[in-house]
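J.: Before anything else, here's the structure in question.
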Amino acid sequence: MGSSSGLGHELFVWVVIPGLIFLARICDCSIGTMRILFIGRGHRFLAPFLGFFEVLIWLLAIRQIMMNLTNSFYYVAYASGFAMGTFVGMYIEERLAMGTILIRVVTSMECTGLIEYLKGEDYGVTSVDAQGSRGDVNLIYTIVKRSDLAHVIEIINRFNPRAFYTIEDVRFVREGVFPDTEPSRVRNYLGMLRFWKKFK
């Protein structure tokens, strides 16, 4: 009886508690990542709400550490949970794809085709003639939903695989031109076909 009780206690100390610390750190780091994201997006009420639970979970985890300072296995669980929580938070942030971004394209190639195609896909486009260190260049600006980033980058690479572009987060957009729905793959290819026939 005593042996069974001792084994249960050891299992609780060396497996259950470290596992809970590990999971708690995953949760609070993930929530922390989302809180920072919502702060950047200007969500004044949602960010503090998440902050409450982030700190509460952190306190529960650190309490177990402070009660068992001689158990180094808890430290490993704490640090591992932090690392995994950071990864999970980044993954969630990427999947949510919230907000809008500015894509700035700098190219010395003819960009009429790229501009017309982006307009055909209902993206707002602003183009400016500029002077680069190696001659004349064209600047193309477009503000898109973050969920459309991969699609727009694919379009840019189709027309100019060597184009230089930068991507920046946009905190606030008052007005803009955005596609009503995310274009399907079939629509993309049909649009490309119509475009090449037009400029052939």
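J.: Within the set of other residues whose C-beta is less than 12 Å from the C-beta of Gly81, count the net charge using Lys and Arg as +1 and Asp and Glu as -1. Before the final figure, lay out the partial values.
T.: Working: positive: Arg25; negative: Asp28.
Around Gly81, the surrounding residues sum to 0.
J.: Sorted from fewest to most neighbouring beta carbons within 10 Å, what does the list Trp58, Trp14 look like?
T.: Numbers: Trp58 17, Trp14 13.
Ranking Trp58, Trp14 by Cβ neighbours within 10 Å, fewest first, gives Trp14, Trp58.
J.: What residues have an amide H closer than 5 Å to that of Thr100, excluding those fewer than 5 places away on the same chain, when H is modeled at 1.01 Å from N in the peptide plane?
T.: Amide H neighbours of Thr100, under 5 Å, 5+ apart: Arg146, Val170.
J.: Find out how many positive minus negative residues lie around Ala24, taking Lys and Arg as positive, Asp and Glu as negative, among other residues whose Cβ is under 15 Å from that of Ala24.
T.: Details: positive: Arg25, Arg63; negative: Asp28, Glu54.
Overall, the nearby charge balance is 0.
J.: Length gain on complete extension for the stretch Phe45 to Arg146, per 0.36 nm per residue less the alpha carbon to alpha carbon distance?
T.: On the way: separation 101, 0.36 × 101 = 36.36 nm, distance 2.22 nm.
That works out to 34.1 nm of additional length.
J.: Can you tally the net charge around Arg63? Count Lys and Arg as +1, Asp and Glu as -1, for every other residue whose Cβ sits under 14 Å from the Cβ of Arg63.
T.: Details: positive: Arg25; negative: Asp28.
So the surrounding residues net to 0.
Readers should treat all values here as calculations from the given coordinates under stated rules, not as data from a laboratory. The shown structure was predicted, so the numbers you read here are calculated from the model rather than taken from an experiment. Positions of Cβ are generated from backbone atoms using ideal geometry, with glycine treated the same way; all protein chains shown enter the neighbour counts.
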